[in-house]
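> There's a structure below that I have some questions on.
The values are calculated or read from the model by the stated rules, or taken from the named source; none is laboratory data. Being a predicted model, the structure only gives us computed values, none of them experimental. Cβ sites come from the backbone with ideal geometry, for glycine too, and all protein chains shown count toward neighbours.
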Amino acid sequence: MATPIVPARQGYELVKTEATKGLFPASIGVTRVAYFEDTTHGGIPKLLLLRDPRNEFLRWNAAFDDQIPISEVFPIDQRDLAGGEAYPGLVLQVFRTLHAQIGFVYAVNELSENETEMIGALYDVASGEPLASVHAQAVSMPPPDDNRNPMDVWEMDSRALVRAAFAGHVYQCLRTLIARDQPAAQESPEGWIPEGPTWPVEWPPKS
């Protein structure tokens, strides 16, 4: 996770050019990161893992329901770090501890009152290397001229629009990773080999 990546422009971009091997079926650990001003340490920005709003993680739980290669999607937050700082190495360790094959880290930026963006990255937890970057950006729609019809925030507000677009990009990104993934080599366990001589079975058995 120490490898820097450049966010994709309105969509997703694969960082790992070669196909993965045996990455799927995979469980996905999801976390949202944000900087907060830590007033206890002279106003130094502090990176935290968020789990709010909760309905945002419900979106990820339902986003890949139709994808059999995605076995599980679960969130992690600051409490999972057991009091540690949210640096990349510890976040990756939590992903491994919770048996996630893919780590998904993202952030929400309010660029202005009417414009919001979301950026994120997918990581191969085993190697710690990035798989892809994802980016979405949206601008709030102007209110309708007809005041008789109430405004639907989910269809007008940039914060709602960008979440829908971002979820769609992540979905398509995972579909691409699934299609490119090569099955891992299967090792068949050896059968039981009896000790000593074997005797042929006779039928009907002798009385």
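> Across segment 114-128, what is the number of residues that are part of a loop (DSSP other than H, G, I, E, B) and buried (at least 17 other Cβ atoms within 10 Å of the Cβ)? Break it down stepwise before answering.
At the first step, the residues of segment 114-128 found to be part of a loop (DSSP other than H, G, I, E, B) are 114, 125-128.
From what's left, buried (at least 17 other Cβ atoms within 10 Å of the Cβ): 125, 128.
The total comes to 2.
> Is segment 136-145 home to any residue that is surrounded by 18 or more Cβ atoms within 10 Å (Cβ to Cβ), over 26 Å from residue 22 (Cα atoms), out of contact with any helix residue (DSSP H, G or I) (no Cβ under 6 Å at 6 or more places or on another chain) and modelled with pLDDT of 85 or more?
yes
> Can you say whether residue 20 is modelled with pLDDT of 85 or more, surrounded by 11 or more Cβ atoms within 10 Å (Cβ to Cβ) and within 15 Å of residue 107 (Cα to Cα), as far as the supplied structure shows?
Details: modelled with pLDDT of 85 or more: yes; surrounded by 11 or more Cβ atoms within 10 Å (Cβ to Cβ): yes; within 15 Å of residue 107 (Cα to Cα): no.
Judged against the criteria, residue 20 is not a match.
> Within segment 102-119, can one find any residue that is at positive phi and not acidic (Asp, Glu)?
Initially, segment 102-119 is screened for residues at positive phi, giving none.
The answer is no; no qualifying residue exists.
> Only one of (1) surrounded by 10 or more Cβ atoms within 10 Å (Cβ to Cβ); (2) at pLDDT below 85; (3) within 28 Å of residue 176 (Cβ to Cβ) is not met by residue 55, so which one is it?
Status for residue 55: all satisfied but (1).
> Inspect all residues belonging to segment 66-81 and state whether any of them is within 16 Å of residue 177 (Cβ to Cβ) and at pLDDT below 85.
Checked against the condition, which is being within 16 Å of residue 177 (Cβ to Cβ) and at pLDDT below 85, segment 66-81 yields no hits at all.
> Let me ask something else about it. Filtering segment 79-110 down to residues that are touching a residue at least 12 places away in the same chain (Cβ under 8 Å) and in a loop (DSSP other than H, G, I, E, B), which residue is farthest from the chain's Cα centre (by Cα)?
Among residues in segment 79-110 that are touching a residue at least 12 places away in the same chain (Cβ under 8 Å) and in a loop (DSSP other than H, G, I, E, B), the one farthest from the chain's Cα centre (by Cα) is 85.
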